[in-house]
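The block underneath contains the structure these notes are about, expressed in structure tokens.
Please treat every number below as a calculation from the coordinates, not as lab data. Bear in mind the structure is a predicted one, so any value in this text is a computation, not a measurement. Reconstructed Cβ throughout: ideal geometry from the backbone, glycine too, with neighbour counts over all protein chains shown.
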């Protein structure tokens, strides 16, 4: 993921969610319908955001009778990059501090805690 794609704004992220859900090429019109329904955005707003995402390299275009858009980065890639950036900025790169904050400040159920224990156990086995 390049530096530009990691700097996707909140508005651009809303467009990306539509592209990821589409799971294939999607037209500007279809994107506009979704975002108009969900957020009340007009066509010019959506077109501006698509241009920005294309310029950043997060989206590519494809001509299939009409211009369509496809994400260049996957949702998983983007979320992993944003999580890493978040942990770096707020916790000095310490995932332990992040998990500690979550455990201390959120009412995690016993099943949530057990799931975390299982993840940590499996990660520990990988390292062996």
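Points to keep in mind about this one:
- Rounded to 10°, Cα long-axis angle of helix 75-91 versus longest principal axis of the chain: 50 degrees
- In this rough spin-label picture, where each label sits 7 Å from Cα along the Cβ direction, the residue 121-residue 11 distance is 4.8 nm.
- 0 to 90° range, to nearest 10: angle between helix 28-39 axis and the chain longest Cα axis: 50 degrees
- Nearest-ten-degree value, helix 10-22 long axis tilted from longest Cα axis of the chain: 80 degrees
- For the chain, adding -39500 (n - 2.57) for each run of n ≥ 4 DSSP H residues and dividing by the number of residues yields -21500 deg cm²/dmol at 222 nm.
- Max mean-square fluctuation residue, GNM over the chain, Cα-Cα springs under 10 Å, options 115, 34, 14: 115
- Top of 100, 109, 74 by mean-square fluctuation, Gaussian network on the chain, Cα under 10 Å: 109
- Of 77, 88, 104, the residue with the greatest mean-square motion in the GNM of the chain, using alpha carbon springs below 10 Å, is 104.
- Taking label positions 7 Å along the Cα-Cβ direction at both residue 37 and residue 109, the computed distance is 3.0 nm, reported to one decimal.
- Across the chain, the relative contact order, built from alpha-carbon pairs under 8 Å that are at least six residues apart, equals 23 percent.
- At 1.002 mPa s and 20 °C, Stokes diffusion of the chain via Kirkwood alpha-carbon radius, µm² per second: 126 µm²/s
- Here the spin labels are modelled as points 7 Å beyond Cα on the Cα-Cβ line, and at residue 44 and residue 21 they lie 2.6 nm apart.
- Exposure proxy ranking for 66, 87, based on other Cβ atoms within 10 angstrom of each Cβ and starting from the fewest, stands as 66, 87.
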